[in-house]
2 protein chains.
Amino acid sequence: MLKALESAQPGTRLATGELLDQLRWNGDGLVAAIAQDHDSKAVLMLAWMNREALEETLRTGRVCYYSRSRQALWRKGEQSGNQQVLREARIDCDGDAVLLRVEQRGPACHTGREHCFYLRLGPEQSELTEPVVVDPATLYGPKA
Amino acid sequence: MLKALESAQPGTRLATGELLDQLRWNGDGLVAAIAQDHDSKAVLMLAWMNREALEETLRTGRVCYYSRSRQALWRKGEQSGNQQVLREARIDCDGDAVLLRVEQRGPACHTGREHCFYLRLGPEQSELTEPVVVDPATLYGPKA
């Protein structure tokens with residue numbers, strides 16, 4: 001079905017359930033999910049979703065990922081308060097990635113930075129470029 | 001090392017080779033790579049890189065991925081001509097994703113669309129939203 005859609009015209013509509021049946025979930029049942037700030041267009045983070053997380057996100061309008069470390073649904077912001085309100089969700093041509101355009105409340109990164117991509121790579125030298133804007137201890141409590 | 005960098009200040013510099021040693025390559029030796037248009041900030045595509053592809057990209061300034069289907073380095077645009085010129089590369093806090101800011105020559109998607117995220121998901125109905133801007137037959141030749 002994804003192959004047939006490649007040459008389809010804008011405006012072509014289809015049932016979301018049928019489309020989700022076609023996604024290429026990996027061996028762990030996940031697809032990559034990119035969160036992009038709806039206003040600034042900054043790429044905030046990359047996480048993972050299983051079908052349940054994606055369906056919940058579409059239904060509730062609050063972004064829910066799947067935490068690979070905790071092996072559980074991860075409602076972004078459930079601990080830090082830094083929720084993501086969904087403005088738009090898209091999938092890519094080969095059905096293994098989701099793009100989420102979100103309103104980000106507070107910093108997206110668990111380090112207290114606005115986004116997770118704060119390490120800029122050069123051929124030889126790399127550099128940390130982004131400041132911590134909120135002390136992570138205030139988001140998650142002091143570390144033991 | 002990535003953990004220690006979480007509380008480091010902007011301007012902290014380190015050797016790229018040591019940083020790449022810390023990336024969390026998956027079981028296939030890959031990390032996810034997001035390509036974002038440097039000017040429009042549109043998210044263009046998600047692909048994969050092994051260390052060799054990432055090092056080549058940083059060295060040459062032309063984006064090189066790893067093709068999972070062909071199991072080989074994939075110099076973006078080598079067939080279609082639609083190369084990506086690297087403007088900036090970043091990695092994320094937990095070292096399993098790369099963000100590439102690129103100058104995209106021609107459409108990024110193999111379907112001839114400007115980006116790969118042309119299917120917008122709704123809770124019940126989804127819709128194809130983006131037009132084909134270049135006939136893919138002119139990029140790859142007619143399909144057999």
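Read-outs: derived from the displayed coordinates by stated rules, not from any lab. Just so it is clear, the model here is predicted, and its values are computed rather than measured. Methodologically, a virtual Cβ is constructed for each residue, glycine included, from the backbone with ideal geometry; neighbour enumeration extends over all protein chains shown.
For segment B:1-21, a residue qualifies if it is closer than 26 Å to residue A:99 by Cα and surrounded by fewer than 18 Cβ atoms within 10 Å (Cβ to Cβ), and the qualifying residues are B:2, B:6.
Just a yes or no: is a residue in segment A:123-141 among the aliphatic types (A, V, I, L, M) and surrounded by 22 or more Cβ atoms within 10 Å (Cβ to Cβ)? Looking for residues that are among the aliphatic types (A, V, I, L, M) and surrounded by 22 or more Cβ atoms within 10 Å (Cβ to Cβ), one finds none in segment A:123-141, hence no. Figure legend. Inter-residue proximity from segment A:20-31: first residues farther than 14 Å from residue A:53 by Cα, second residues surrounded by 12 or more Cβ atoms within 10 Å (Cβ to Cβ), beta-carbon distance below 8 Å, spacing 6+ or different chains. Indicated pairs: A:22/A:2; A:22/A:95; A:24/A:31; A:24/A:94; A:24/A:95; A:24/A:96; A:26/A:96. Among the residues of segment B:1-35, the ones that are more than 23 Å from residue A:112 (Cβ to Cβ), assigned to a helix (DSSP H, G or I) and touching an Asp or Glu at 6+ places or on another chain (Cβ under 9 Å) come to 3 in all.
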